[in-house]
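Everything below concerns the one structure shown next.
The values are calculated or read from the model by the stated rules, or taken from the named source; none is laboratory data. Please read these numbers as outputs of a predicted model, since none were measured by experiment. Backbone-built Cβ (ideal geometry, glycine too); neighbour counts: all protein chains shown. For the accessible areas, the whole protein counts, side chains as well, though only heavy atoms, and no ligand, DNA or RNA atoms are used. Shrake-Rupley method; radii C 1.70, N 1.55, O 1.52, S 1.80 Å.
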Amino acid sequence: MIASLLVAFQLAVTSPAPAPSTSLVVKNATRSTTVALVPGDSGPLLRADRLRPIIPVTVTHLTANRWMLIVNGTAIQVEQGLRFARIGDETYQLAVAPDVRAGVLYIPLQLAAEIIPRVVPNLVWDPVRFELRAFSAVQRFADRAEPVSASTRRAAEPEPARATATQRAATASPARLRGRRLVVVDAGHGGPDAGMHGPVIGGPQIYEKNITLDVARRVGDALIARGVEVLYTRSRDTLIALDDRGRIANEAHADLFVSIHVNAANPGWKNPGGSRGFETYFLAEAKTEDARRVEKMENEVVKFETRSGTRAGDPLSFILNDMAQNEHLRESNELAELIQGRLRRIHPGPSRGVKQAGFRVLVTAFMPAVLVEIGFGTNPDEAAYLTDASRMNELSATVADAVVEYLQRYERRVGSSGARVVGGGELPR
């Protein structure tokens, strides 16, 4: 079947046409973009990251020649020079091998136009118009007549006005989860490590360790109200080693790890006090200068630690950690996307997106794990926002809603009530 589809696709691409296409049109209901096609060894290629922003795609370099694309939560593994793509337990033959040029992944047109629409339900390929079309998730649910959860329905419906924290707490209902779920909530910094101090000029003076502890407790309360068990890495002003935070989650056999932090602008920026917004990270190699800046800032806590749980330069330790974290990469990315998407509806600052970086606090958590930067404490307006109890209740409830939605999605995927959440599989308790 795959072979016949491949032949048909190759014929369609190679058949004479009045005006051969040199670009792919990617569109949704409101906008469109074009993605240039470049010649490969035996067919056209395109830059995978150029499918954004129409199609949510994350491109991650795993190891050596291996790469992963995550499209709407679907993980696709490819390898430079090999004409195969791996999606779940299925292997798909490619007409052209993926290529890497100047550190950027190029994928075959066939993968974008034929294979991805087959595994990502809200994408449709139109060979006549040479268009890849994206439909909303809400439309996809309606077309398939699938039941929509309360959280998904709220996501689809516009809110006429911002609900107060009291209103949100009153309407929150216990999560309909099939099994016991345990989430570890981590308050960043603590003790002698105060984290960031701000704002730069004006506004209430804050220390990150106090804000993160306050918000972590609120997130925990919101999760408990939704029927989820919670474990805190710290419940008071004390220093917990970065390596120990993930181990706490591992020893408790937790399902998820969520770390709360406050961002800080680089003093060397043109207007450091003006930086605003929120972002959510998962563990992978930092791809941007800003992600490397945040990674360095949040990892500096090691200077307060008197010991280290990992041996520096131990290659076996690094390989084992890398293998364990790759298992959870797709799930961590999906959780980060859900948190970022929900915060976008209530946070006064701009969304800075889902990013990846090598945070030490996430390295030892062998489960889906994210780090949320809830705002810039160096900005006076956001410092005031981070010290407003009602707004922090709202933010915490929003993070809890995203966590519960993720757990519900995961349970629907694995169809098991006694499975621990892990990347691409399940582990009996």
From the option list V35, V7, V59, V25, single residue qualifying as surrounded by fewer than 17 Cβ atoms within 10 Å (Cβ to Cβ), at pLDDT 85 or above and among the β-branched types (V, I, T) is V25
Any hit, the range 211-226, residues being assigned to a strand (DSSP E or B) and modelled with pLDDT of 90 or more = no
Picking from R307, R276, R311, which residue would you name as being modelled with pLDDT of 90 or more, basic (K, R) and open to solvent by 10 Å² or more (accessible area, probe 1.4 Å)?
-> R276
Could you list all residues from the range 21-61 that are among the hydrophobic types (A, V, I, L, M, F, W, C) and under 17 Å from A97 (Cα atoms)?
-> L37, V38, L45, L46, A48, V59
Would you check which residues across the range 346-365 are open to solvent by 10 Å² or more (accessible area, probe 1.4 Å), assigned to a strand (DSSP E or B) and either at pLDDT below 85 or small (G, A, S) (or both) and list them?
-> S351, G353, Q356
Pick out the one residue from T63, T33, T91 that is of a type in the set (V, I, T) and outside any strand (DSSP E or B).
-> T63
Filter result for I248 (of a type outside the set (G, A, S) and surrounded by fewer than 21 Cβ atoms within 10 Å (Cβ to Cβ)) = yes
Scanning the range 97-120 for residues that are free of Cβ contacts under 8 Å to residues at least 24 places away in the same chain and on the phi < 0 side of the Ramachandran plot, the one least open to solvent (accessible area, probe 1.4 Å) turns out to be P117
Condition met for V370 (of a type in the set (A, V, I, L, M, F, W, C), closer than 21 Å to E334 by Cα, open to solvent by less than 30 Å² (accessible area, probe 1.4 Å) and at pLDDT below 95) = yes
Is the range 225-245 home to any residue that is surrounded by fewer than 21 Cβ atoms within 10 Å (Cβ to Cβ), free of Cβ contacts under 8 Å to residues at least 12 places away in the same chain, aliphatic (A, V, I, L, M) and closer than 20 Å to A389 by Cβ?
-> no
P192, sole failed condition from (1) open to solvent by less than 10 Å² (accessible area, probe 1.4 Å); (2) over 24 Å from A397 (Cα atoms) | (1)
Residue that is farthest from I240 (Cα to Cα) [pool: residues in the range 373-390 that are open to solvent by 10 Å² or more (accessible area, probe 1.4 Å) and hydrophobic (A, V, I, L, M, F, W, C)] = A384
List every residue pair whose Cβ atoms lie under 7 Å apart, where the two residues are 6 or more positions apart in sequence or sit on different chains, the first residue falls within the range 65-88 and is free of Cβ contacts under 8 Å to residues at least 12 places away in the same chain, and the second residue, located anywhere, is outside any strand (DSSP E or B) and open to solvent by less than 30 Å² (accessible area, probe 1.4 Å).
-> F84/L94
